[in-house]
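Report on one structure; see the data block that follows.
Bear in mind that the values in this text are calculations on the coordinates, not laboratory data. Here the structure is a predicted model, which means the values were calculated and not measured. With ideal geometry, Cβ positions are generated from the backbone for all residues, glycine too; neighbour counts draw on all protein chains shown.
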Amino acid sequence: MSKVLLITGGSRGIGAATALLAAKQGYAIAVNYLSDKARADGVVAEIINAGGRAIAVQGDVAKPEDVVRMFDETAAKLDPATHVVNSAGITGKSSRLVDAPLDVIRDTIAINLMGTIYVCREAVKRMSSRLGGPGGVIVNLSSGAATLGSPNEFVWYAASKGAIDSFTLGLGREVADEGIRVCAVAPGLTETEMHALSTGESGRIARIAPSIPMKRAAKADEVARSVLFLLGEDASYITATTLRVSGGR
C-alpha cells in the first residue's frame, strides 16, 4: 500500500519542509493550504519535478466540512491518507493578553486547536482498524510555548499548544490498539516566516536566540526530520508522546 501524507499548512515553514523531505522518502503528498495557492503549487511542483507525487488541496482546517473534503480529495487524486501532519497554525500579533483582539484569540484557538481536533477526528474515522481502516500515523505540531507560556507575546497561542500536548496524549492512548499512532513535535524557536508575518516582530529570532542553550534557532528542515522520524517505522513503538525539538530551551 502506498504511503500518502496529508499535511495541513503544508505550503510554508515546517509544513513545506516536511512535505519536501517526506516526498524524498517515498510518500505521496497532499499539501493543504488556506489562501496562498501559489506557494502550495510551488511545493507541489518541486516534488513532481523531482519524480514524486503531490497535489495541492485548499481547505480551512477550522471548518469541519473543509476537512472532510480535504481527505476526500486526497483519496480521489492520490490514495487514502495513511499519514497526517497537523502543521497549520497561527500566533496572532505579539501583545499582552489584555491588548489582544478577541478575534485574534478566537482564530488562534480555532485553527491551532479545533483544526487539529477536526483533522484528527476525520483521520481516525478513516484509519481506525476498529472501524475497518488500515491504521496510520498522525503527528501534531505543538510548540515549546506550551511549557514556556509566552508571557507578553501570545499566551493564547501557548494555551492552544498546551492543549495539543494534552490532546495528543489522550488520543494516542485512545486509539493505540486500533492501528493508529498519535505523536507531536514541539519545536522551539524556528527560522520560518511566522515570526515576521504572524507575530509582527521581524527581529524576534535575533532577540531570543541568545537565550537558547544552543544559541541559535532551528532550521525548518531540522524540525521536519523529527516529524519524519515519528511518521516512520523507526518510531513504531512510540505513541501518545510529544518530542521537544528546542535546542535545550
(message) Return the pair list, or none, for Cβ contacts closer than 6 Å from residues in region 33-53 that are over 18 Å from residue 78 (Cβ atoms) to residues that are surrounded by 13 or more Cβ atoms within 10 Å (Cβ to Cβ), at least 6 apart or on different chains.
(response) 34/60; 36/11; 39/11; 39/12
(request) For region 154-172, state whether one or more residues are closer than 26 Å to residue 217 by Cβ, touching a Phe, Trp or Tyr at 6+ places or on another chain (Cβ under 7 Å) and not in a helix (DSSP H, G or I). (result) no
(request) Would you confirm whether any residue within region 57-64 is more than 20 Å from residue 193 (Cβ to Cβ) and more than 19 Å from the chain's Cα centre (by Cα)? (result) no
(message) Out of the residues in region 153-183 meeting the condition of being among the acidic types (Asp, Glu) and either under 16 Å from the mean Cα position of the chain (by Cα) or within 30 Å of residue 95 (Cα to Cα) (or both), tell me which one is surrounded by the most Cβ atoms within 10 Å (Cβ to Cβ).
(response) 153
(request) Sort out which residues of region 115-138 are closer than 16 Å to residue 70 by Cα and surrounded by fewer than 17 Cβ atoms within 10 Å (Cβ to Cβ), and write them in order of number. (result) 121, 125
(message) Among the residues of region 127-152, what is the count of those that are under 16 Å from the mean Cα position of the chain (by Cα) and assigned to a loop (DSSP other than H, G, I, E, B)?
(response) 3
